[in-house]
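To start, the structure itself, in structure tokens.
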Amino acid sequence: MSTVPTEELDAFRARAREWLAAVGPPEVPLDLDARFAVLRRWQRTLFDAGWLGLSWSKEAGGQALTHAHQLVFVEELVRARAPQPIGLIGLEVVGPSIDRYGTDEQRRDLLPRMLSGADIWCQGFSEPEAGSDLASLRTRAVLHGDHYVVTGQKIWTSWAHEAQWCALLVRTDPSVRKQAGISYLLVDMSSPGITTRPIRQMTGDREFCEVFLDDVRVPRSNLLGRENEGWAITSHTLGSERSGATLRRRVELEVALEDALGQLRSGGIDDDRVRAAVGRSHIAMRVLDAQTRRTTDRLAADTGPTPVDSVDKLVLNEAEQTVLAEIAGLLGPLRAVPGARPLGLRSDRWAHEHLYSRAASIYGGSAQVQRTIVAERLLGLPRG
Amino acid sequence: MADHDEYGAAVDDYLGRSYAERRHELLERGGWDPALASEFADLGWYSLAVPEEQGGLGVPLAALGPVFLQYGRHLVRGPMLEHSALPALVPGLAPATGARPPALVDPGVTDLWADDLGTITRRGPRLDGTVEAVRFAAQADRLVVVAGAAVCLVDPATRGVSIEPLAGADPGVEFARVEFDDVEAGTVLQDEDMVVRLRSWARLLLACELSGLARGSVERTVEHVARREQFGRPIGSFQAVKHLVADMHTRSTALENLCLAALGDADTAPPTELDLLACTAKAHASDVAVRVCEDAIQLHGGMGFTTESDVSWFYRRALALRGWYGDPTELQVRLGATLLDRIEEHA
């Protein structure tokens, strides 16, 4: 990727900021169904104004700009306290895979609708018996003529109950090394044989689902890339998704800390314990900021996934969990009362964000998996 | 910062070739060795950031960061901070001509223990008071004294100055108690920003040194666990060990990045921002270095507890530096106070 001149990015940032201020970001309702509807309309608004698919090709419905533009826009979105578009999984993970590995037909048929939010995508990767060890997934796809017949079960599939399409990892060859027998299918969620069941999270949200697939027929033309080469596609896009998500999460946390500081100031507290908590949060954010400067360099150089991504992930986990635990720690006994404002802090918001932060060291490769990668691939320690 | 890596690399190269085999012997003898100080002076290490018109190289102070990282990593002892940073920061303080360093007499090394450390009061050019622990005061040929918002230069031979060497527990440093009884300062610089700059650069460079101590501990530990065998295989193949080493590496790397980012911003930062950058780096460095060194000792087993292993030296050095210019908790409180007092910039 070539480097974009700073002035160009600054001008782009100014335009984004101006547009966001003029359009006014929507309020996000707590109720999940209402939230989904609002965020889907918001995606359409963003799409119509040309802010989505910034780094995607024109034929995919994108703007053919760069990853740097994309990062700037995401940052401005967060700073404007605007929500992300609802189809984030499509936009950040599945879309780039289709744009890179898909046929012309797949790109033309699927990507513009993904961008506009006409189609919402979910990602059927994890299974009950294939979490950290994703490559051991068992959902089978058997070719019968011009269709695959798919049977199995997926879990942690965000928005599956609302999605029109699913990026599904399936086993097409059980006889070879586990990574070598996986294929990547693009599945229409209205196909007969698909059942979804939402799972309630400890935050109260029901964003995740279980997905049951029972003899689901998927046209052979919906294979992404070649048969049995799904693992490579997955690794590539999970890597770039991880870096992009790290940068977005950094800005989200920065904004969260600013908000918490504002609320604490309005509460007018005068106490060393509060100061120390703020100090520790600030330090954690500066550590994350320094680390992500490196991430940005790697993204710009398009190095692809490296074991260094695992260091980033661990640093992000720690920063996220530190900041949100420090803030939530200041709620004291009123954490249990969502409507309260202890020390000026909004109890409901910080309790929710704190709970959500506990997922950071689990999703996208658990902290334990990352540590093993760091020890073996970066430090060269012997495999156990 | 990439531009400044060359100085760190040159120092690393020299220390790797000619310091490693002397390290233990030198450390055993305490913090002061005039021959070693002269050797480093001859190499030009003290004059890197000294302005050109005073005979230095005139590189930005930030360039000292990677150098201090190497000082930590190689467990260099002696008045590196005093020799390198003070002549670069204090106008009129010529670089050392021999081995003897300037010393920084500053009661502002700590907030919480201020009453235990002492105070200096100033009336015009005259100084009174005591500082109970000053690095290298007994070796110094000049004293840089922080008195309120002023920085004063004092010849240690001036009437009324008494300097009493103390037993010290930092393997790289000598301490002394400094007392002023109606001492006339040679120079008084009324400059509040300079006080902030002195303390901030002390914090930043100590943070880099601590970061180097952590890095050195990680390196020794990776070598050790890959080589040491128990139950018929290297202990580094056990997951409990592996994950601890991975955490040590991750924390140490993140600390280095924090230090480098802070240095990159520090040269042009106004005083309030400089103070924030420096307190942030120092607080985190103190936490991380001590923790990483503790894990290093744990993973070295019994050998880690002996003075024959480097990791015990890294640890004691980290512990001594942890509280110098602010321990983590007092700096966290200080950072929080600054941030909470700020006028809100966002809606």
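The values are calculated or read from the model by the stated rules, or taken from the named source; none is laboratory data. This structure is a prediction, so every number in the text was calculated from the model and none was measured. Here the Cβ is made from the backbone with ideal geometry for all residues, glycine too, and neighbour counts use every protein chain on show.
Pull up the stretch A:111-129, narrow it to residues that are of a type in the set (A, V, I, L, M, F, W, C) and buried (at least 20 other Cβ atoms within 10 Å of the Cβ), then point me to the one that is farthest from A:T172 (Cα to Cα). Please lay out each step first, then the result.
Initial filter on the stretch A:111-129 (of a type in the set (A, V, I, L, M, F, W, C)): A:111, A:114-115, A:118, A:120-122, A:125.
Restricting the remaining residues to those that are buried (at least 20 other Cβ atoms within 10 Å of the Cβ) gives A:111, A:114-115, A:120-122, A:125.
Details: A:L111: 25, A:M114: 26, A:L115: 29, A:I120: 26, A:W121: 22, A:C122: 20, A:F125: 14 Å.
Only one residue tops the list, namely A:L115.
Could we say that B:L204 is part of a helix (DSSP H, G or I), more than 10 Å from chain A (Cβ to nearest Cβ) and more than 21 Å from B:I297 (Cα to Cα) here? Give the derivation first.
Details: part of a helix (DSSP H, G or I): yes; more than 10 Å from chain A (Cβ to nearest Cβ): yes; more than 21 Å from B:I297 (Cα to Cα): yes.
Criteria met by B:L204.
For the stretch B:89-119, how many residues meet the condition of being surrounded by fewer than 23 Cβ atoms within 10 Å (Cβ to Cβ) and either closer than 22 Å to B:E53 by Cα or touching an Asp or Glu at 6+ places or on another chain (Cβ under 8 Å) (or both)?
17
Residues of the stretch B:34-48 being buried (at least 16 other Cβ atoms within 10 Å of the Cβ) and not in a helix (DSSP H, G or I), which ones?
B:L48
Hey, among A:S281, A:S243, which residue is crowded, with 19+ Cβ neighbours inside 10 Å, away from chain B (no Cβ under 14 Å), part of a helix (DSSP H, G or I) and on the phi < 0 side of the Ramachandran plot? I'd like the intermediate steps shown before the answer.
On the way: A:S281 fails: away from chain B (no Cβ under 14 Å).
A:S243 is the lone residue from the list that is crowded, with 19+ Cβ neighbours inside 10 Å, away from chain B (no Cβ under 14 Å), part of a helix (DSSP H, G or I) and on the phi < 0 side of the Ramachandran plot.
State all residues of the stretch B:208-240 that are assigned to a helix (DSSP H, G or I), without any contact (Cβ under 8 Å) to a residue 60 or more places away in the chain and facing another protein chain (nearest Cβ under 8 Å); if no residue qualifies, say none.
Selection gives B:V222, B:A226, B:G236, B:S237, B:Q239.
Check the stretch A:15-36 and report whether any residue there is under 21 Å from the mean Cα position of the chain (by Cα), under 24 Å from A:T246 (Cα atoms), among the aliphatic types (A, V, I, L, M) and surrounded by fewer than 21 Cβ atoms within 10 Å (Cβ to Cβ).
yes
Can you tell me which residue within the stretch A:292-327, out of those that are more than 19 Å from the chain's Cα centre (by Cα) and among the polar types (S, T, N, Q), is surrounded by the fewest Cβ atoms within 10 Å (Cβ to Cβ)?
Within the stretch A:292-327, the match that is surrounded by the fewest Cβ atoms within 10 Å (Cβ to Cβ) is A:T303.
Tell me, which strands (runs of 3 or more DSSP E) lie completely within the stretch A:168-234 with 2 or more residues that are surrounded by fewer than 20 Cβ atoms within 10 Å (Cβ to Cβ), within 24 Å of the chain's Cα centre (by Cα) and not aliphatic (A, V, I, L, M)? Before you say what the answer is, go through the steps one by one.
On the way: elements: A:182-188, A:194-199, A:208-219.
Once the strands (runs of 3 or more DSSP E) in the stretch A:168-234 are filtered for at least 2 residues that are surrounded by fewer than 20 Cβ atoms within 10 Å (Cβ to Cβ), within 24 Å of the chain's Cα centre (by Cα) and not aliphatic (A, V, I, L, M), what remains is A:194-199, A:208-219.
Which of the residues that make up the stretch A:345-384 are within 14 Å of another protein chain (Cβ to nearest Cβ), under 17 Å from the mean Cα position of the chain (by Cα) and either surrounded by fewer than 16 Cβ atoms within 10 Å (Cβ to Cβ) or acidic (D, E) (or both)?
Kept after step one, since they are within 14 Å of another protein chain (Cβ to nearest Cβ), are these residues of the stretch A:345-384: A:345, A:361, A:365-384.
Retained after the next criterion (residues that are under 17 Å from the mean Cα position of the chain (by Cα)): A:361, A:365-367.
The answer is A:S366, and nothing else.
Is it the case that B:L255 is in contact with a Ser or Thr (Cβ under 6 Å, 6 or more places away or on another chain), aliphatic (A, V, I, L, M) and either over 21 Å from B:G8 (Cβ atoms) or free of Cβ contacts under 8 Å to residues at least 60 places away in the same chain (or both)?
Values: in contact with a Ser or Thr (Cβ under 6 Å, 6 or more places away or on another chain): yes; aliphatic (A, V, I, L, M): yes; either over 21 Å from B:G8 (Cβ atoms) or free of Cβ contacts under 8 Å to residues at least 60 places away in the same chain (or both): yes.
When the stated conditions are applied, B:L255 passes them.
Can you find, within the stretch B:307-337, the residue that is farthest from the other protein chains (Cβ to nearest Cβ) among those that are among the polar types (S, T, N, Q) and touching a His at 6+ places or on another chain (Cβ under 9 Å)? Break it down into steps so the answer makes sense when it comes.
Taking the stretch B:307-337 and keeping what is among the polar types (S, T, N, Q), we get B:307, B:309, B:312, B:329, B:332.
Imposing the further condition that a residue be touching a His at 6+ places or on another chain (Cβ under 9 Å) reduces the set to B:307, B:309, B:312, B:332.
Values: B:T307: 26, B:S309: 19, B:S312: 22, B:Q332: 3 Å.
In this case the residue turns out to be B:T307.
Which one is nearest to the chain's Cα centre (by Cα) among residues in the stretch B:175-186 that are in a strand (DSSP E or B) and crowded, with 22+ Cβ neighbours inside 10 Å?
Of the stretch B:175-186, the ones in a strand (DSSP E or B) are B:175-184.
From what's left, crowded, with 22+ Cβ neighbours inside 10 Å: B:176, B:178, B:180, B:183.
Numbers: B:A176: 17, B:V178: 20, B:F180: 25, B:V183: 28 Å.
Per the stated criteria, the residue is B:A176.
If a residue must be free of Cβ contacts under 8 Å to residues at least 12 places away in the same chain and either small (G, A, S) or more than 8 Å from every other protein chain (Cβ to nearest Cβ) (or both), how many such residues does the stretch A:284-301 contain?
Residues of the stretch A:284-301 free of Cβ contacts under 8 Å to residues at least 12 places away in the same chain: A:286, A:290, A:293, A:297.
Retained after the next criterion (residues that are either small (G, A, S) or more than 8 Å from every other protein chain (Cβ to nearest Cβ) (or both)): A:290, A:297.
Total meeting the criteria: 2.
Pull out all pairs, ordered by first then second residue, where Cβ-Cβ is under 9 Å, the residues are six or more apart or on different chains, the first lies in the stretch B:12-38 and is under 14 Å from B:D310 (Cα atoms) and not assigned by TED's automatic domain parsing to the domain that holds B:Q139, and the second is of a type in the set (S, T, N, Q) and surrounded by 12 or more Cβ atoms within 10 Å (Cβ to Cβ).
Note: pairs meeting the criteria are B:H24/B:T307; B:L27/B:T307; B:E28/B:T307.
Right, A:L261: within 14 Å of another protein chain (Cβ to nearest Cβ) and surrounded by 18 or more Cβ atoms within 10 Å (Cβ to Cβ) or not? Talk me through it step by step, then tell me what you get.
Values: within 14 Å of another protein chain (Cβ to nearest Cβ): yes; surrounded by 18 or more Cβ atoms within 10 Å (Cβ to Cβ): yes.
Here the answer is yes, as A:L261 does meet what is asked.
Picking from B:G108, B:G78, which residue would you name as being in contact with a helix residue (DSSP H, G or I) (Cβ under 9 Å, 6 or more places away or on another chain), in contact (Cβ under 8 Å) with a residue 24 or more places away in the chain and under 29 Å from B:V333 (Cα atoms)? Steps first, answer last, please.
On the way: B:G78 fails: under 29 Å from B:V333 (Cα atoms).
That would be B:G108, the only listed residue that is in contact with a helix residue (DSSP H, G or I) (Cβ under 9 Å, 6 or more places away or on another chain), in contact (Cβ under 8 Å) with a residue 24 or more places away in the chain and under 29 Å from B:V333 (Cα atoms).
I need the full set of residues from the stretch B:253-278 which are more than 18 Å from B:L61 (Cβ to Cβ) and either over 17 Å from the mean Cα position of the chain (by Cα) or away from every other protein chain (no Cβ under 13 Å) (or both), in order please.
Hits for the stretch B:253-278 are B:T253, B:A254, B:N257.
Regarding B:R142, is this residue among the basic types (K, R), in the same structural domain as B:A114 (by TED's automatic domain parsing), out of contact with any Phe, Trp or Tyr (no Cβ under 8 Å at 6 or more places or on another chain) and more than 23 Å from B:G98 (Cβ to Cβ)? Show your work before the answer.
On the way: among the basic types (K, R): yes; in the same structural domain as B:A114 (by TED's automatic domain parsing): yes; out of contact with any Phe, Trp or Tyr (no Cβ under 8 Å at 6 or more places or on another chain): yes; more than 23 Å from B:G98 (Cβ to Cβ): no.
The answer is no for B:R142.
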